[in-house]
Amino acid sequence: MKKLIPLLMSLVAAAMLAACSGYTPPPPAFHEVLYQPYVIDAGDELRITVFGQDNLTNTYSVNQAGYIAFPLIGAVPARGHTASQIEQQIARMLRNGYLRDPDVTVEVARYRPIFVMGEVGNPGQYSYVPGMTVQKAIAAAGGFTPRANQRNVDVTRDINGQVMTGRVVTSDPLLPGDTIYVRERLF
């Protein structure tokens, strides 16, 4: 019995260490979304150009409800749509009694921010820049603290209305609206 207790203690310790690692790879959809057209959401600013109509061409913000307020036609749903889908939608609405053949282009003028939390110098909200990686976001947030786990971080991302969290390496790309959490290292 005395020999069994150390064996049981070592098995419990091994199980606890395995549970502490808690590594679960991100779901496949986590990285698949990186290769799909960008989906607009609240906080994005869109540069909308209606050729030949200077009074309609402007930068419009997507509000919390996911709409942009566009002259003549009112609220245009933007959340969950791509820029080309919004182009078609605005052109269709303008064609409905306002312009004969509107030529509309939509591009993202400013992306919604990212958030960096945990063991970084200055946690908070930061502007997203296309091509941004986890490492660049952490650098913008003042770098790692001495207690930070620098191997991998947790990223929370909204994918088609479903919030997912995955543990990724610092070279992984980010999307607008992502939240990065830098964990504290154990040793």
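Checking the structure you have, find out if any residue of region 18-29 is under 20 Å from F115 (Cβ atoms), out of contact with any Lys or Arg (no Cβ under 6 Å at 6 or more places or on another chain), of a type outside the set (D, E, K, R) and modelled with pLDDT under 95. Yes, because at least one residue in region 18-29 is under 20 Å from F115 (Cβ atoms), out of contact with any Lys or Arg (no Cβ under 6 Å at 6 or more places or on another chain), of a type outside the set (D, E, K, R) and modelled with pLDDT under 95. Test P123 against the stated conditions and say whether it is within 27 Å of Q64 (Cα to Cα), surrounded by 15 or more Cβ atoms within 10 Å (Cβ to Cβ), outside the structural domain of Y60 (by TED's automatic domain parsing) and touching a Lys or Arg at 6+ places or on another chain (Cβ under 9 Å). No: the conditions fail for P123.
Yes/no matrix, rows are residues, columns are (1) touching an Asp or Glu at 6+ places or on another chain (Cβ under 9 Å); (2) at negative phi; (3) not assigned by TED's automatic domain parsing to the domain that holds M164:
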residue	(1), (2), (3)
P28	no, yes, no
T49	yes, yes, yes
T57	no, yes, yes
Q64	no, yes, yes
F70	no, yes, yes
A75	no, yes, yes
A78	yes, yes, yes
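Region 36-90 holds strands (runs of 3 or more DSSP E) entirely within its bounds, and those carrying 2 or more residues that are within 22 Å of R157 (Cβ to Cβ) and within 22 Å of the chain's Cα centre (by Cα) map to 45-50. When each of V76, V50 is tested for being over 30 Å from V134 (Cβ atoms), buried (at least 18 other Cβ atoms within 10 Å of the Cβ), modelled with pLDDT of 95 or more and touching a Phe, Trp or Tyr at 6+ places or on another chain (Cβ under 6 Å), the lone residue that passes is V76. With respect to the conditions (1) under 13 Å from the mean Cα position of the chain (by Cα); (2) touching a residue at least 40 places away in the same chain (Cβ under 8 Å); (3) part of a strand (DSSP E or B), Y128 lacks only one, and its number is (3).
The values are calculated or read from the model by the stated rules, or taken from the named source; none is laboratory data. Predicted model only: the values in this text are computed from it and were never measured. Heads up, the Cβs are rebuilt from the backbone with ideal geometry, glycines too, and the neighbour counts pull from every protein chain shown.
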